[in-house]
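Undergrad: Can you read through this structure? Questions will come right after.
The values are calculated or read from the model by the stated rules, or taken from the named source; none is laboratory data. The structure displayed is predicted, hence computed values, not measured ones. Glycine gets a Cβ as well: all are built from the backbone with ideal geometry, and neighbour counts include every protein chain shown. Surface accessibility is based on the protein's heavy atoms, side chains included, excluding ligands, DNA and RNA. Shrake-Rupley method; radii C 1.70, N 1.55, O 1.52, S 1.80 Å.
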Amino acid sequence: IFQKQIWNSRSEEENIMQIRKATTQDLECVRELTRETICQIYPKYYPAGAVQFFLNHHCDGKISADIRQGCVYLAEDPADGIVGTVTVKADEISRLFVLPEQQRKGYGQALLAYAEQQVFAAYPQATLDASLPAKAMYLKQGYHAQAFHSLPAEGLTFLCYDVMVKAR
């Protein structure tokens with residue numbers, strides 16, 4: 001279990017967030033956290049067809065397989081419960097989501113730092129696909145764009161994202 005002190009108005013003892021590996025019992029929680037974040041945040045950046053693409057991409061089958069492989073982690077706050085998730089597979093960081101009402105409190109940065117710790121223990125660089133809402137955070141954390149992709153989504157819409165990397 002990884003612990004990180006985060007900033008908020010609670011006392012220092014109440015201020016410790018933990019990151020733990022997800023279990024199969026956490027599938028519904030990871031699904032709902034992922035769907036809630038996509039449904040509330042992504043429509044501000046993407047057309048409906050691209051939002052649906054993200055929802056389909058982060059389906060139960062993929063989440064469940066990643067949990068069984070031991071790749072999914074959860075950020076848990078003592079007062080607020082599970083507030084975020086991240087998936088780490090080899091040198092790739094994915095599915096980093098923080099509940100919309102818990103964003104801008106340091107949870108995303110803590111999850112990213114934890115994921116990087118996992119990656120950099122075995123690989124010289126971390127790779128991730130950056131959605132438009134998350135790109136600024138990744139740039140701030142030292143990532144740079146390696147490639148840009150534009151995929152057809154539902155209707156006549158496109159899903160645009162950057163592949164980003166960060167060296168150890």
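Undergrad: Look through the range 153-168, keep the residues that are in a loop (DSSP other than H, G, I, E, B) and of a type outside the set (Val, Ile, Thr), and return whichever of them is farthest from Gln52 (Cα to Cα).
TA: Going residue by residue through the range 153-168, those that are in a loop (DSSP other than H, G, I, E, B) are 153-157, 168.
Among the residues that remain, those that are also of a type outside the set (Val, Ile, Thr) are: 153-156, 168.
Details: Ala153: 8, Glu154: 7, Gly155: 11, Leu156: 13, Arg168: 34 Å.
Only one residue tops the list, namely Arg168.
Undergrad: Now a separate question. Can you pull out every residue in the range 145-168 that is of a type in the set (Phe, Trp, Tyr) and surrounded by 15 or more Cβ atoms within 10 Å (Cβ to Cβ)?
TA: Selection gives Phe158, Tyr161.
Undergrad: Oh, and also: Somewhere in the range 145-152, is a residue polar (S, T, N, Q), over 17 Å from the mean Cα position of the chain (by Cα), part of a loop (DSSP other than H, G, I, E, B) and more than 21 Å from Gly84 (Cβ to Cβ)?
TA: Among the residues of the range 145-152, not one is polar (S, T, N, Q), over 17 Å from the mean Cα position of the chain (by Cα), part of a loop (DSSP other than H, G, I, E, B) and more than 21 Å from Gly84 (Cβ to Cβ), which makes the answer no.
Undergrad: Go over the candidates Glu116, Glu76 one by one and state the one that is more than 23 Å from Arg35 (Cβ to Cβ) and not in a loop (DSSP other than H, G, I, E, B). Before you say what the answer is, go through the steps one by one.
TA: Values: Glu76 fails: more than 23 Å from Arg35 (Cβ to Cβ).
Sole residue among the options that is more than 23 Å from Arg35 (Cβ to Cβ) and not in a loop (DSSP other than H, G, I, E, B): Glu116.
Undergrad: Considering each residue of the range 55-72, count those that are within 20 Å of Ala130 (Cβ to Cβ) and open to solvent by 20 Å² or more (accessible area, probe 1.4 Å), and give that number.
TA: Residues that pass the stated criteria total 4.
Undergrad: Working only within the range 124-144, note down all residues that are in a loop (DSSP other than H, G, I, E, B), in contact (Cβ under 8 Å) with a residue 40 or more places away in the chain and either in contact with a strand residue (DSSP E or B) (Cβ under 7 Å, 6 or more places away or on another chain) or open to solvent by 70 Å² or more (accessible area, probe 1.4 Å) (or both). Explain how you work it out, then say what you get.
TA: From the range 124-144, those in a loop (DSSP other than H, G, I, E, B) are 124, 131-134, 141-143; that's our starting set.
Now narrow it down to the ones that are in contact (Cβ under 8 Å) with a residue 40 or more places away in the chain: 124, 131-133.
Of everything in the range 124-144, those that are in a loop (DSSP other than H, G, I, E, B), in contact (Cβ under 8 Å) with a residue 40 or more places away in the chain and either in contact with a strand residue (DSSP E or B) (Cβ under 7 Å, 6 or more places away or on another chain) or open to solvent by 70 Å² or more (accessible area, probe 1.4 Å) (or both) turn out to be Pro124, Ser131, Leu132.
Undergrad: If you check Gln102, Gln118, Gln69, which single one turns out to be within 22 Å of Lys21 (Cα to Cα) and free of Cβ contacts under 8 Å to residues at least 24 places away in the same chain? Lay out the reasoning, then the answer.
TA: On the way: Gln102 fails: free of Cβ contacts under 8 Å to residues at least 24 places away in the same chain; Gln118 fails: free of Cβ contacts under 8 Å to residues at least 24 places away in the same chain.
That would be Gln69, the only listed residue that is within 22 Å of Lys21 (Cα to Cα) and free of Cβ contacts under 8 Å to residues at least 24 places away in the same chain.
Undergrad: Kindly check whether there is at least one residue in the range 83-97 that is more than 27 Å from His149 (Cβ to Cβ), surrounded by fewer than 15 Cβ atoms within 10 Å (Cβ to Cβ), at pLDDT 95 or above and of a type outside the set (Gly, Ala, Ser).
TA: no
Undergrad: While we're on this one: When you go through (1) part of a strand (DSSP E or B); (2) at pLDDT 95 or above one by one for Leu27, which number turns out not to apply?
TA: (1)
Undergrad: Any residue at all in the range 51-69 that's in a loop (DSSP other than H, G, I, E, B), at pLDDT below 95 and out of contact with any Leu (no Cβ under 6 Å at 6 or more places or on another chain)? Step through it out loud before you land on a result.
TA: Taking the range 51-69 as the starting set, the residues that turn out to be in a loop (DSSP other than H, G, I, E, B) are 58-59, 69.
Among the residues that remain, those that are also at pLDDT below 95 are: none.
Looking through the range 51-69, none of the residues is in a loop (DSSP other than H, G, I, E, B), at pLDDT below 95 and out of contact with any Leu (no Cβ under 6 Å at 6 or more places or on another chain).
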